[in-house]
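Data first, discussion second: the structure below is written as structure tokens.
The values are calculated or read from the model by the stated rules, or taken from the named source; none is laboratory data. Predicted model only: the values in this text are computed from it and were never measured. Positions of Cβ are backbone-derived with ideal geometry, glycine not excepted, and every protein chain shown enters the neighbour counts. Ligands, DNA and RNA are stripped out before the accessible areas are found, and what is left, the full protein with its side chains, is counted by its heavy atoms. Shrake-Rupley method; radii C 1.70, N 1.55, O 1.52, S 1.80 Å.
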Amino acid sequence: MKFLTAVTEEEMEDKKSLRAPVSQKPHVVPKPEHPEYLGGSITVEINEKKLTVPFGTTILEACKQAQIHIPTLCHHEDLCVAGVCRVCVVEVEGMRTLQASCAFPITAPIKIKTTTNAVRKARKHIIDLLISEHYGECYSCFRNNNCELQALAKEYGVDHYNFGHVTQPRYEVDNSSYSVVRDMDKCVLCKRCVRTCIDLQEVGVLEAIDRGHNTHIGTFFDKPLAEVICINCGQCINRCPTGALRANDPRDEIWAAIDDPTKHVIIQTAPSPRAAIGEEFGQGAGKSFTGELNTALRKIGFDKVFDTNFTADLTIIEEGTELILRLYKALVKKEKVALPQFTSCSPGWVKYLEHFYPEYIDNLSSAKSPQQMFGALIKTFYAQKSGIDPANIVSVALMPCSAKKFECNRPEMNSSGYKDVDYGLTTRELAQMIKEAGIFLPEMPQSHFDDPFGEASGAGLIFGATGGVMEAALRSVIEFVTGKRVEDVYANADITPVRGFEGIRYAEIPITEVGPVPKLLQHLVPDWNWLKGATLKIAVAHGTANAKKVMEDIKAGGKFSECHFIEFMACPGGCLGGGGQPIPTNEEIRKKRAEAIYNEDKSLPVRKSHENRHVAELYDMFLIDGPCGHISHKLLHTHYVKRGKYIA
């Protein structure tokens, strides 16, 4: 089996489809490929200490290398340079004014001072000015004790309002969206959200409007967020330094349900929150708290705790079967079908496609996300098995994603006869509930998930990382089609070529031999001979800016148009970088969360979706006409909306 390397920027560069408007493009001096060559490095002096750095390194980067702390506010490691807040100013010898260190590339030997009286005074005045226009009280803000402006004020000894303080709000809070709440009275105009939306995600919902004192971050014609083309990914929340952006929080409604003795309240937990929630309790990134979280959730008052990985395994069976049916129709029956098939478990990606590429709706798998599959099963199969009126079941989903809040409120997500999932809860929101209950999560003993769904497979677990859905699918597809154990092809069933944080990955898998059709799929295809000699072409993309590159290539008839199956995730890094995860975020943190997920996968006795015995029992007992049968289509599949980009 042949895998190709990650797709490079040069391969995907499309001159007709720039990543962002010129005003938002990062203007930086490119660093040399070989800084050790003549002219590739420059020696600078920082606080009277000499340091050699590559040509084009910013002063901020050089100071980090020298372990010198420089305060920042508009700067973020995931985003292009802005240089608008000026909190990071330093003195450069020979320069008339202080310079923003984040936006100053080193192209010649210079002398820098970072702690002079002028620098300290300028930074403090900038912070004072920001606070003077910042309405609200810290103790009632959801970012209290995790606010970068608050931290700067403490760091620079701000103990009173030197330039006054606004006492009346200027803007109405926009809570029109199921996913994201905007409170522009807390905005500091750092434009992180603008750069996130335009450059990182390439959606372009937010921009700076007006000038001078009237400048504010707004949407097209200042319309409510729910009325524009926001995909609800929440990446803007993760990078906002203050409380100007937050998720739409359902904690009060969930507490009310828990306190209502007539309600049976269940919660399903996804793997990415379990790999990140420890960060909310002072733990370093990179450790899963699955067992501890199960115990804490029962102490809070949830009646049952289930593993979303169960329906991730179910998703692999349903989505994989759908792909096989599409390929069978195309290759054997010579019917026209929509290929490549796109994954559909990322609601931010689904809404992005609905807005920006509605003509490709038919390429989306009709399989619901694991969250919504579980919701439908809870109020049908589980309700029947437990003898509970589904009207009295309150279904909560712990997810890493603010877009999951929108997804569970989509009008088509009621195949159970009720709203399939009542509330989407982010990692940050659940951590707050745990704290409200007086629980310190790391001290909880471990416990298992509840029956009848029990423990799931490692394949469902790795859904949380980019490439995880594809790897989970391949673990099953390789065994389904070839009859070989995937461990005989990839050591320990770790399909590492589809892992990684490169924006786009592409692979080709020649099918040189086939085995018998497994019993689960015998009602759909008679044999695999029609696949022998074929080459399965697959791809993985994370972040909608990368998704756009793939989609534009497909439109142009490029190599991705020849793919059979493509995994798309709206958020950088996949679900573990979702808009509901702990703040802060950066690539290093996301990589550590991925390590936690992969380490937990290795520890599980079952690591392939089709070997999950609980899924097999579900098909025997409830989904009796098999994958993609009538019952599963009614409960586990859905349809989508061609929204387009035009706003009324």
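Structural remarks
- Computed from backbone phi with θ = phi - 60° and the Karplus coefficients 6.51, -1.76 and 1.60, the 3J(HN,Hα) list for segment 321-329 is 5, 4, 5, 4, 5, 5, 5, 4, 5 Hz; x is used for glycine and proline.
- Sorting Leu353, Leu524, Leu79 by accessible area puts them as Leu524, Leu79, Leu353; the probe is 1.4 Å, largest comes first, and only protein heavy atoms count.
- Seen against the Cα atoms of the chain and their longest principal axis, helix 347-356 is set at about 80 degrees.
- Across all directions, the average projected area of the convex hull around the alpha carbons of segment 489-648 is 13.7 nm².
- Each peptide in 332-345, 192-205 was scored by the mean count of other Cβ atoms within 10 Å over its residues; highest first, the order is 192-205, 332-345.
- Label positions at Ser386 and Thr496, each projected 7 Å from the Cα along the C-beta direction, are separated by 4.2 nm.
- The Cα center of segment 165-188 and the Cα center of segment 491-557 differ in position by 44 Å.
- Think of each Lys and Arg Cβ as +1 and each Asp and Glu Cβ as -1; about the Cα centre, that makes the dipole of the chain roughly 1080 debye.
- With both residues required to sit in the chain, DSSP beta bridges show an antiparallel share near 55%.
- Relative contact order computed over segment 307-444 (Cα-Cα under 8 Å; 6+ residues apart), in percent: 21 percent
- Dividing the mean sequence gap of close Cα pairs (under 8 Å, 6+ apart) by how many residues segment 147-204 holds gives a relative contact order of 17 percent.
- Across the cross-link table entries Lys484/Lys532; Lys299/Lys404; Lys484/Lys519; Lys191/Lys405; Lys368/Lys405, which are compared at the Cα atoms, the separations over 21 Å belong to Lys299/Lys404; Lys191/Lys405.
- Percent carbon-and-sulfur accessible area, segment 124-195, ignoring ligands, DNA and RNA, probe 1.4 Å: 51 percent
- Spatial separation of Cα centroids for segment 569-648 and segment 84-105, in angstrom: 45 Å
- Top positive-direction residue, dipole computed over segment 474-606 with Cβ charges, set Gly573, Thr512, Val477: Gly573
- Nonlocal amide H pairs with Ile393, under 5 Å, H built at 1.01 Å: His264
- Here the chain is treated as a Stokes sphere of Kirkwood radius computed over C-alpha pairs; at 10 °C and 1.306 mPa s its diffusion coefficient rounds to 61 µm²/s.
- Accessible surface of Met413 - all protein chains present, 1.4 Å probe, nearest 10 Å²: 10 Å²
- Annotation note: GluC sites (Glu not before Pro) in segment 396-459 located in DSSP loop regions with a Cβ neighbour count of at most 15 within 10 Å are Glu412.
- Distance (nanometres) between label positions extended 7 Å along Cα→Cβ at Ala330 and Asp210: 5.2 nm
- Fraction of alpha-carbon pairs over 18 Å apart in segment 50-135 - percent: 42 percent
- FRET efficiency, 1/(1 + (r/R0)^6) with R0 41 Å, evaluated for Arg251 and Lys113 via beta carbons: 0.30
- Accessible surface computed residue by residue for the chain, with neighbouring protein chains in place and a 1.4 Å probe, gives 42 Å² per residue.
- Entry note, the chain: the mean residue ellipticity at 222 nm calculated from DSSP H runs of n ≥ 4, each adding -39500 (n - 2.57), is -8500 deg cm²/dmol after division by the residues and rounding to the nearest 500.
- The H on the amide N of Val181, modeled in the peptide plane, is under 5 Å from the matching H of Arg246, Ala247, Asn248, each at least 5 residues off or on a different chain.
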